[in-house]
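These notes are about the structure you will find just below.
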């Protein structure tokens, strides 16, 4: 079996009972998302929820019996149901995955510059804290996946003005090569948002390359309207969904 290109976070891999993948471009043409989830990752496709992503600050909870098939609008999805996962599609925006193995609870967040400005990461962390207590944030593990970095992600003055007041804006925005242009490091801004939300720095990391630079990942900036999207997801192993821990299949270690 040809595996799709992917990245995993060593930090999230340390969480027992939780499986995650930041997917890239699949070198096997014609293999759909459902086939990848079922055959490659041993995850039931109908147990991985997705949203209609609208670049918002909206975080939603997926409960047992809910149908999350990309029709409900939002940009962060979290669940505490075993045998269930959450995913987001990206092509330069930041996929952020969270896990609290002790609860267990997991979340997938789609954070582009609009989502960062809308504090979608903070909304997701606060939603989990509201359910399980503010002390729960100290135990969350987080990873920002492959996304557009400061080497390639150019923005105009209007976007820079929105990002500059954010935590880390002064460090992760740089003057560009042309008048009125800046560069932004999106995953670094996402990491700063995680810290401000209460997640300790030693419990988060940035995993994977710049999507614009790397041909292993879809990139809107590189390919424009011709690009695809990659699914990043995180999954709580066990019943009731029927999915085993995919790491035990031997396909992923």
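Report whether or not residue 3 is surrounded by 22 or more Cβ atoms within 10 Å (Cβ to Cβ) and either in a strand (DSSP E or B) or more than 16 Å from the chain's Cα centre (by Cα) (or both). No, not satisfied. What do you reckon, is residue 116 under 21 Å from residue 89 (Cα atoms), in contact (Cβ under 8 Å) with a residue 40 or more places away in the chain and in contact with a strand residue (DSSP E or B) (Cβ under 9 Å, 6 or more places away or on another chain)? Yes: the conditions hold for residue 116.
Restricting to segment 95-108, and then to whatever is touching a strand residue (DSSP E or B) at 6+ places or on another chain (Cβ under 6 Å) and assigned to a loop (DSSP other than H, G, I, E, B), can you tell me which residue is nearest to residue 209 (Cα to Cα)? Of everything passing the filter in segment 95-108, 101 is nearest to residue 209 (Cα to Cα).
Filtered by the rule that a residue be surrounded by fewer than 18 Cβ atoms within 10 Å (Cβ to Cβ) and either over 22 Å from residue 23 (Cβ atoms) or within 17 Å of the chain's Cα centre (by Cα) (or both), segment 35-55 gives 52, 54, 55.
For segment 82-94, the set of residues classified as at pLDDT 95 or above and outside any strand (DSSP E or B) consists of 91, 92, 93, listed by residue number. Might you check whether a residue that is assigned to a helix (DSSP H, G or I) and in contact with a strand residue (DSSP E or B) (Cβ under 8 Å, 6 or more places away or on another chain) occurs anywhere in segment 197-212? Scanning segment 197-212, I find at least one residue that is assigned to a helix (DSSP H, G or I) and in contact with a strand residue (DSSP E or B) (Cβ under 8 Å, 6 or more places away or on another chain), so the answer is yes.
Which ones in segment 102-119 are more than 18 Å from residue 75 (Cα to Cα) and touching a helix residue (DSSP H, G or I) at 6+ places or on another chain (Cβ under 8 Å)? Let's see the steps before the verdict.
Restricting attention to segment 102-119, the residues satisfying the condition of being more than 18 Å from residue 75 (Cα to Cα) are 102-104.
Listed by number, the residues that qualify are 102, 103.
Against the numbered list (1) surrounded by fewer than 21 Cβ atoms within 10 Å (Cβ to Cβ); (2) in a helix (DSSP H, G or I); (3) within 21 Å of the chain's Cα centre (by Cα), residue 159 comes up short only at (3).
Can we say residue 32 is surrounded by fewer than 20 Cβ atoms within 10 Å (Cβ to Cβ), within 30 Å of residue 2 (Cβ to Cβ) and in contact with a strand residue (DSSP E or B) (Cβ under 6 Å, 6 or more places away or on another chain)? Spelling it out, it is not the case that residue 32 is surrounded by fewer than 20 Cβ atoms within 10 Å (Cβ to Cβ), within 30 Å of residue 2 (Cβ to Cβ) and in contact with a strand residue (DSSP E or B) (Cβ under 6 Å, 6 or more places away or on another chain). Taking each residue of segment 177-190 that is at positive phi and touching a residue at least 12 places away in the same chain (Cβ under 8 Å) and looking for partners that are outside any loop (DSSP other than H, G, I, E, B) and surrounded by fewer than 19 Cβ atoms within 10 Å (Cβ to Cβ) with beta-carbon atoms closer than 7 Å, six or more apart or interchain, yields 180/156; 180/157.
When you scan segment 121-142, do you find a residue that is over 15 Å from residue 173 (Cα atoms), assigned to a strand (DSSP E or B), within 14 Å of the chain's Cα centre (by Cα) and touching a residue at least 40 places away in the same chain (Cβ under 8 Å), even just one? Yes; the residues of segment 121-142 include at least one that is over 15 Å from residue 173 (Cα atoms), assigned to a strand (DSSP E or B), within 14 Å of the chain's Cα centre (by Cα) and touching a residue at least 40 places away in the same chain (Cβ under 8 Å).
Residues are listed down the side, and each one gets a yes or a no for (1) at pLDDT 95 or above; (2) touching a helix residue (DSSP H, G or I) at 6+ places or on another chain (Cβ under 8 Å); (3) surrounded by fewer than 18 Cβ atoms within 10 Å (Cβ to Cβ):
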| position | (1), (2), (3) |
| --- | --- |
| 121 | yes, yes, no |
| 128 | yes, yes, no |
| 134 | no, no, yes |
| 144 | yes, yes, no |
| 155 | yes, yes, no |
| 183 | yes, no, no |
| 200 | yes, yes, yes |
| 204 | yes, yes, no |
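Scanning segment 53-78 for residues that are farther than 17 Å from residue 147 by Cβ and either assigned to a loop (DSSP other than H, G, I, E, B) or modelled with pLDDT under 95 (or both) yields a total of 16. Residues considered: 111, 73. Of these, the only one that is within 30 Å of residue 165 (Cβ to Cβ), touching a strand residue (DSSP E or B) at 6+ places or on another chain (Cβ under 6 Å) and free of Cβ contacts under 8 Å to residues at least 40 places away in the same chain is 73.
The single condition from (1) under 24 Å from residue 76 (Cα atoms); (2) at pLDDT below 95; (3) more than 17 Å from the chain's Cα centre (by Cα) that residue 223 fails is (1).
The values are calculated or read from the model by the stated rules, or taken from the named source; none is laboratory data. Since the structure is predicted, the reported quantities are computational estimates derived from the model, not experimental observations. Every residue, glycine among them, receives a Cβ derived from its backbone with ideal geometry; neighbour counts consider all protein chains shown.
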